[in-house]
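Here's the structure, in structure tokens; my notes come after.
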Amino acid sequence: MAEKIGVPIPAGAASAALDFSGKVALITGAAQGQGRQVALELAIAGADIVALDVGKRVEYPAIQQHPDDALLELQREVEGLGRRLLVGLADVRDDTAVSQVVDAAIAEFGHIDILFNNAGILGYAEVDTISDEALNAMIDINLKGPMIVTRRVSPHMKAAGSGVIINNSSIMGLRGGNRLSHYAASKWGLVGLTKSWAIELAPFGIRVVSIHPTGVNTQMNDSLAEMEGSNAVEIGERSAGNLLPTPWIETEDVAALVLWLASERARYVTGAQFAVDAGLLSA
Ligand SMILES: NC(=O)c1ccc[n+]([C@@H]2O[C@H](COP(=O)([O-])OP(=O)(O)OC[C@H]3O[C@@H](n4cnc5c(N)ncnc54)[C@H](O)[C@@H]3O)[C@@H](O)[C@H]2O)c1
């Protein structure tokens, strides 16, 4: 057997609690749902947080508004854990605003180690009647947004010689969905970004992966009920494709995967897609 590569790994490392002390994570869409949960879990594990969110209603039908002070509430919670949280109000489509948040983060913390490209929207539309507004919002927020944010964050990771970028796609980034072509296109696009950035950034010690959740119990799922005029139980029934008997998964299930991927335990994991789908994609 050859000598082990890199920093020696002590026995028990795989079973020890994850430790993100000294790390800084920038999370988009951090005001609620999966982004908020990942921010909290990373802070509990020792990271400081840059919480980026649009902070006002996204002009798109049926997207739930979070309270204006949601980021401040998250800041209070993270500070209560003894960590720091920088609030970054920005629309991921707005390069100037995103740049200001990234510059402020570097001024405050000096580095960004983890980027969770998570902000996104969902909507239904038929291919022959989709409006320009719906098409542009979907592609600009879900696909161009991560490109804009990563364009501003990656130079700092390159300079540091390390970093992890996690793109929140969806099961719809690995399959199709009825009246969901614009959403699926944006989420499949994230797979292309993931694989291409993995190639481009590996020489700089930066890993890039995508995650693919099935339905998650967030306000986005609630808004589906509004959009389709159905209720949460019916939404659950539509998740019947889940092999494991659950209508949806929780934000904690997503956070558990994100934290592992962001950790050193995944140090040779890059370019790959990770489903947390209750088995849906297997059927
Ligand atoms: N909920 C699900 O069932 C599900 C399943 C798979 C994947 N996803 C994906 O997970 C991600 C997070 O979704 P969620 O379930 O937490 O939804 P959510 O609606 O609860 O949260 C999304 C957050 O993104 C923010 N956001 C939206 N547009 C933005 C913009 N232009 N700029 C900055 N912030 C913006 C919102 O303000 C909100 O805080 C999304 O990309 C979504 O497509 C969701």
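Pull up the cross-link candidates among the lysines for Lys158, meaning alpha carbon to alpha carbon under 25 Å and not fewer than 8 places away within one chain.
Result set, ordered by chain and number: Lys23, Lys144, Lys195.
Okay, helix-only estimate at 222 nm for the chain: each DSSP H run of n ≥ 4 adds -39500 (n - 2.57), divide by all residues, round to 500 deg cm²/dmol; what do you get? Spell out each step's value before the answer.
Working: 9 runs with 112 residues, N = 283.
Taken over the chain, the calculation gives -12500 deg cm²/dmol.
So, with +1 on the Cβ of K and R and -1 on the Cβ of D and E, and no other charges, what is the size of the charge dipole of the chain about its Cα centre, to the nearest 20 debye? Can you show the working numbers first?
Details: 21 positive and 33 negative charges, 211 e Å.
So the magnitude is around 1020 debye.
Just round it to a whole percent: the fraction of Cα-Cα distances in the stretch 1-158 exceeding 24 Å.
Details: 4973 of 12403 pairs.
Counting pairs separated by more than 24 Å, the tail of P(r) holds 40 percent.
For the stretch 24-282, what percent of Cα pairs sit more than 32 Å apart?
16
Springs between alpha-carbon pairs under 10 angstrom, Gaussian network model over the chain: which of Leu71, Leu180, Leu40 fluctuates most?
So, out of Leu71, Leu180, Leu40, the one fluctuating most is Leu180.
If r is the Cβ-Cβ distance from His111 to Arg151 and R0 is 25 Å, what FRET efficiency results, to the nearest 0.05?
Values: r = 17 Å, r/R0 = 0.69.
Efficiency for this residue pair is about 0.90.
Using a 10 angstrom cutoff on alpha carbons, build the Gaussian network for the chain and name the most mobile of Ile114, Ile211, Ile249.
It is Ile249.
Every read-out reported here was derived from the displayed coordinates using simple, explicitly stated rules and does not represent laboratory data. No experiment lies behind these values; they were computed from the predicted model shown. Backbone-built Cβ (ideal geometry, glycine too); neighbour counts: all protein chains shown.
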